[in-house]
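Structure first, commentary second.
The values are calculated or read from the model by the stated rules, or taken from the named source; none is laboratory data. Just so it is clear, the structure is predicted and the values come from calculations on it, not from any experiment. Cβ placement follows ideal geometry from the backbone for every residue including glycine, while neighbour counts extend to all protein chains displayed. What goes into the accessible areas is simple: the full protein's heavy atoms, side chains included, and nothing from ligands, DNA or RNA. Shrake-Rupley method; radii C 1.70, N 1.55, O 1.52, S 1.80 Å.
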Protein chains: 2
Amino acid sequence: MISKQYQSMLSGKSVIRELSEYATARGHEIGYENVFDYSLGNPSVPVPSAYNDRLIELIQTGDPMLVHGYSPSLGIPAVREKIAASLNRRFGMNYKGEDIFMTSGAAGALAHAFRLVTAPGDEILTFAPFFPEYNPYVNLTGARLRVVPASFADFQINFDAFEQMLTESVHAVLVNTPNNPSGAVYSARTLTRLAELLTAKEKQFGHDIWLISDEPYREIVFDGKDIPYVSRFYPRTLSCYSFSKSLSLPGDRIGYVAVNPASGVSKMLATMCGQISRGIGHNCPTALMQLAVADCCGMTADLSVYETNMNLLYDELTRLGFEIVRPGGTFYMFPKALEADAVAFSKKALRYDLILVPGDSFGAPGYFRIAYCVGTDKVKRSLEAFRRFVKAEY
Amino acid sequence: MISKQYQSMLSGKSVIRELSEYATARGHEIGYENVFDYSLGNPSVPVPSAYNDRLIELIQTGDPMLVHGYSPSLGIPAVREKIAASLNRRFGMNYKGEDIFMTSGAAGALAHAFRLVTAPGDEILTFAPFFPEYNPYVNLTGARLRVVPASFADFQINFDAFEQMLTESVHAVLVNTPNNPSGAVYSARTLTRLAELLTAKEKQFGHDIWLISDEPYREIVFDGKDIPYVSRFYPRTLSCYSFSKSLSLPGDRIGYVAVNPASGVSKMLATMCGQISRGIGHNCPTALMQLAVADCCGMTADLSVYETNMNLLYDELTRLGFEIVRPGGTFYMFPKALEADAVAFSKKALRYDLILVPGDSFGAPGYFRIAYCVGTDKVKRSLEAFRRFVKAEY
């Protein structure tokens with residue numbers, strides 16, 4: 001019989017998608033260039049030409065049995081080794097190829113990570129504001145996602161609330177830094193305190209607590225800062241990565257899970273991913289994309305537009321009276337709305353063709369997300385719309 | 001805590017993989033060209049150059065935001081429409097684009113199909129001999145795979161055994177024609193009788209029974225015959241397809257689920273696949289491969305080598321006294337071993353560097369699989385090894 005569970009999900013609507021569809025429809029009326037569409041987190045810069053060149057080279061001169069042939073289910077060994085070497089070089093880690101499991105993007109990585117370290121009924125904690133897709137991602141595994149309230153002053157971790165919710169049922173904690181939707185980057189101090197708390201609670205409960213780190217925005221950081229690499233702070237860390245944002249190729253569906261070797265079980269966990277794959281039909285990402293990213297994994301697309309856009313928006317919006325935690329990375333920011341009801345606020349913004357996503361589905365009512373992965377010209381033109389909006393409505 | 005379920009799976013060994021590893025090791029000793037490696041079902045012919053040309057054209061001249069950008073989670077609309085049109089033209093169906101859900105190969109397609117029409121605890125029936133990966137594919141969804149004994153005379157369906165096992169707990173039936181490992185093609189008569197039985201049992205039980213048709217070998221058929229298209233025989237059919245074998249690109253991970261519109265719920269089911277994806281981390285196959293196969297979906301690689309190989313092996317092995325149901329397609333055949341214990345038989349064959357997979361894991365002890373997706377020259381040289389093997393051992 002047709003699955004009741006998935007059928008019932010059809011009626012659920014994504015606020016982000018609805019706003020994006022509205023923006024497209026409005027674009028047909030007034031020209032899409034006149035819609036300040038800040039709804040979707042879709043990279044807006046082209047893929048590096050070196051990546052395309054490598055794809056073409058592989059297609060033209062690679063062994064077709066390698067380029068179009070089955071990849072081993074854990075990933076192509078040489079690819080796993082190159083990724084391990086790149087992570088070791090950049091973040092001072094000690095990965096071997098055997099600790100890396102190749103996936104179809106971060107969604108594929110998370111699907112394996114959740115199943116690796118939780119059983120149905122277990123709890124996974126994450127922190128507001130959070131990417132709303134974590135709800136179906138986790139809940140459909142049979143585990144249960146619970147959300148720790150935000151630390152609104154800085155979008156670091158609200159440790160008091162966290163410690164209260166960190167009960168014996170919790171087997172994994174999910175972090176996302178740099179963060180969608182806030183753009184916040186967890187500081188070394190936050191990560192140290194997080195690791196200390198997890199270690200203490202592991203001892204108290206007598207079972208492991210795994211840290212699942214979703215880090216597709218790792219390379220989009222501002223002010224020339226280095227971002228602390230989460231896994232360095234805690235041995236039982238599963239780093240879930242996607243090249244979608246750093247190389248600007250979300251359609252290529254390529255990422256990985258990297259298991260910290262300090263856990264002592266990294267090879268076993270990476271190998272277990274191959275068993276999980278058999279149940280969820282994942283198998284492995286395309287051989288061609290594996291081979292191509294392996295040769296581009298220290299590279300990025302030209303990501304500077306995101307910082308330019310952030311500064312333009314941050315400066316003007318703070319001048320207009322918005323309270324904003326200044327983003328340390330990503331292409332998002334998460335200001336406080338100018339009225340308590342962010343849904344009403346976002347609705348009013350539509351009158352000025354500003355497409356802003358209310359923070360309710362991110363676990364932070366009263367705030368809103370701006371996804372500024374759009375052209376800088378549009379950002380500049382949107383500032384006047386923000387001025388008119390604020391002046392007329394507040 | 002680390003998942004006990006997946007950890008326990010690590011100790012399970014695949015006979016096929018073990019034999020393949022043996023073949024590789026033996027190749028290092030005597031030269032791989034001297035190992036008659038019939039273990040793996042891995043396409044041995046190159047991808048059509050038209051496919052590679054299209055990939056390069058898309059990379060060089062396509063809109064990078066389309067070629068490397070997010071695909072909608074159900075697949076790119078124009079791609080779904082082209083595939084529907086191709087199926088309609090070739091098989092007289094009435095698919096619309098909305099009935100097609102794009103997947104990363106047949107494994108991805110099956111993962112969605114099982115979840116669409118069964119709930120944990122439900123039974124899915126399949127028929128021996130069968131692809132052993134169906135066990136984890138089904139059982140890890142929470143449904144339960146049960147295997148109907150083979151009809152050894154023709155590898156069609158053993159209807160007496162099937163009817164006995166077709167109880168009220170059965171919510172789906174899984175067929176694979178042309179079949180791995182037997183190469184058998186279900187006749188129109190078999191499919192008609194199957195459909196009649198399912199229809200009668202649906203009425204008796206008062207619930208739907210869905211037919212899941214795994215058909216990656218659909219285009220590898222012999223003797224110039226047409227293969228009956230399963231979905232034409234039964235309205236509640238989910239056709240799970242992969243381009244891996246027809247276009248010889250298993251590494252490209254591209255396929256689809258096609259839901260028969262005569263079911264009356266095809267658009268809903270294809271759309272539900274997008275919800276299932278959120279839980280299993282699938283999202284969608286690469287945009288680039290979607291775009292490329294859409295323009296090659298009536299095309300095949302040069303598949304003639306498989307028929308050449310089949311005839312050489314079939315003729316010589318029957319002459320040597322093997323009982324074989326002559327394959328109608330695929331690149332497999334499934335002869336009866338020359339002793340009751342096919343494991344012992346395959347072990348003896350190794351002395352002659354013949355790598356043959358015993359049928360036990362396919363649900364048919366006493367038989368063995370030959371995967372003749374190898375060069376014809378090697379097939380010819382293997383015939384002498386078969387002669388020596390049979391003469392010396394039996």
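Brief remarks on what is shown
- Positions within the range A:120-154 being assigned to a strand (DSSP E or B) and not β-branched (Val, Ile, Thr), in sequence order: A:GLU123, A:LEU125, A:PHE127, A:ARG144, A:LEU145, A:ARG146
- Residue that is surrounded by the fewest Cβ atoms within 10 Å (Cβ to Cβ), among those in the range B:108-135 that are within 12 Å of chain A (Cβ to nearest Cβ) and in contact with a helix residue (DSSP H, G or I) (Cβ under 7 Å, 6 or more places away or on another chain): B:GLU133
- Subset of the range B:185-225 [aliphatic (A, V, I, L, M) and in contact with a Ser or Thr (Cβ under 7 Å, 6 or more places away or on another chain)]: B:VAL185, B:LEU211, B:ILE220
- Count of residues meeting criterion [surrounded by fewer than 22 Cβ atoms within 10 Å (Cβ to Cβ) and on the phi > 0 side of the Ramachandran plot] in the range A:136-175: 1
- Hits in the range A:168-204 (condition: of a type in the set (Gly, Ala, Ser) and assigned to a loop (DSSP other than H, G, I, E, B)): A:SER169, A:SER182, A:GLY183, A:ALA184, A:SER187
- Per the conditions (1) in a loop (DSSP other than H, G, I, E, B); (2) more than 19 Å from the chain's Cα centre (by Cα), the sole criterion not satisfied by B:VAL325 is (2).
- Checked across the range A:62-85, the condition of being among the polar types (S, T, N, Q), in contact (Cβ under 8 Å) with a residue 40 or more places away in the chain and more than 13 Å from chain B (Cβ to nearest Cβ) holds for no residue.
- Within the range B:275-304, tally of residues that are assigned to a helix (DSSP H, G or I), open to solvent by 30 Å² or more (accessible area, probe 1.4 Å) and more than 8 Å from every other protein chain (Cβ to nearest Cβ): 1
- Residue in the range B:40-60 that is open to solvent by 50 Å² or more (accessible area, probe 1.4 Å) and hydroxyl-bearing (Ser, Thr, Tyr) present: yes
- Scope the range B:208-266; condition within 10 Å of chain A (Cβ to nearest Cβ), open to solvent by 20 Å² or more (accessible area, probe 1.4 Å) and assigned to a loop (DSSP other than H, G, I, E, B); matching residues: B:ASP208, B:ARG236, B:VAL265
- Qualifying positions in the range B:68-119 - polar (S, T, N, Q) and either part of a helix (DSSP H, G or I) or modelled with pLDDT of 95 or more (or both): B:SER86, B:ASN88, B:ASN94, B:THR103, B:SER104, B:THR118
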